[in-house]
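See below for the structure under consideration.
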Amino acid sequence: MAFPLTAYIEAALELARYDKLEDGSFAGEIPKLKGVAAFGQSLRECESELRSTLEAWILVGLRLGHKLPVLAGIDLNKVQNSRVATT
């Protein structure tokens, strides 16, 4: 079984939407996760940038105590709260 963070990232990326822009570059977003968007000259670059943005968004959200949306039954808020309770 994957770690909850890895599974959450994979679940989020499955929700990603990509658009080819007029200049031939790409834009990507994960609509369920406010502010998670990225751009790239190629689709592969856009996907990579979106993953990086997503990872930073999750880490900042957890550090600041933001309630993250539950994706695919994965609740990182519970994981974070249980770590706090046991430390």
- line: Reported set for the stretch 1-13 where residues are small (G, A, S) and either surrounded by 15 or more Cβ atoms within 10 Å (Cβ to Cβ) or in a strand (DSSP E or B) (or both) is A7, A11, A12
message: Looking for something surrounded by 17 or more Cβ atoms within 10 Å (Cβ to Cβ), aromatic (F, W, Y) and at pLDDT 95 or above - is there at least one such residue anywhere in the stretch 30-45?
response: no
statement: Flagged pairs (Cβ under 6 angstrom, 6 or more apart or on separate chains; first in the stretch 41-55, farther than 7 Å from G28 by Cβ; second among the polar types (S, T, N, Q)) are Q41/S25
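In the stretch 14-23, is there at least one residue being in a helix (DSSP H, G or I) and either surrounded by fewer than 19 Cβ atoms within 10 Å (Cβ to Cβ) or in contact with a His (Cβ under 9 Å, 6 or more places away or on another chain) (or both)?
Yes, the stretch 14-23 has at least one match.
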query: Are there any pairs with C-beta distances below 6 angstrom linking a residue in the stretch 3-25 that is more than 13 Å from I58 (Cα to Cα) to a residue that is among the polar types (S, T, N, Q) and surrounded by 10 or more Cβ atoms within 10 Å (Cβ to Cβ), with the two at least 6 apart or on different chains, and if so which?
result: S25/Q41
task: Inspect all residues belonging to the stretch 46-55 and state whether any of them is among the β-branched types (V, I, T) and assigned to a helix (DSSP H, G or I).
output: yes
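The values are calculated or read from the model by the stated rules, or taken from the named source; none is laboratory data. As the structure is a computational prediction, the values presented were derived from the model and not from experiment. Virtual Cβ from ideal backbone geometry, glycine too; neighbours counted across all protein chains shown.
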